[in-house]
Amino acid sequence: MPEVERKPKITASRKLLLKSLMLAKAKECWEQEHEEREAEKVRYLAERIPTLQTRGLSLSALQDLCRDLHAKVEVVDEERYDIEAKCLHNTREIKDLKLKVLDLRGKFKRPPLRRVRVSADAMLRALLGSKHKVSMDLRANLKSVKKEDTEKERPVEVGDWRKNVEAMSGMEGRKKMFDAAKSPTSQ
């Protein structure tokens, strides 16, 4: 089946027109946002800073006004200096931490892990430190079983299994099994 060449849904000139319209709209929005920021800035400054009334003031009143303004400027400068110092300190710390991370990434390769046998006491010493004297002998709590007892309980019978099946078939065989199970406990 021959391939049918698909026509683009939007022509190139239409794409270009749409792109230019989108850019014009974006520029308009950006300018409007910029003007709003400037208006907000002017409003904030008018709210925070009252206009100075210097007309009709005596020399001593002007000097007092200057002292007040200098005191306010000093307070603002101190705050600015403190904020700059904190910012510089934080940027230095961030830079140092980034360098440490880069060093750690570059130098060390993870070794293949291997199984290590550690006793419970050594593990507790490693976790709790050498100050704590905790002994955890897990083997002492286990029940001891002697090999001799287990061998006596199970006598090994080796014989022809067919004879055994024939002997145990029927009611007589079940009685023999019942009696055999009773006899070792009665001894």
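The values are calculated or read from the model by the stated rules, or taken from the named source; none is laboratory data. Since the structure is predicted, the reported quantities are computational estimates derived from the model, not experimental observations. Note that we place each Cβ from the backbone using ideal geometry, even for glycine, and neighbour counts take in every protein chain shown. Heavy atoms of the whole protein, side chains included, go into the accessibility calculation; ligands, DNA and RNA do not. Shrake-Rupley method; radii C 1.70, N 1.55, O 1.52, S 1.80 Å.
Worth pointing out:
- Residue in the range 78-95 that is part of a helix (DSSP H, G or I), open to solvent by 100 Å² or more (accessible area, probe 1.4 Å) and aromatic (F, W, Y) present: yes
- All positions within the range 16-70 that are open to solvent by 90 Å² or more (accessible area, probe 1.4 Å), more than 48 Å from the chain's Cα centre (by Cα) and among the hydroxyl-bearing types (S, T, Y): T51
- Residue match in the range 1-23 (condition: outside any loop (DSSP other than H, G, I, E, B) and either closer than 30 Å to K72 by Cβ or touching a residue at least 12 places away in the same chain (Cβ under 8 Å) (or both)): no
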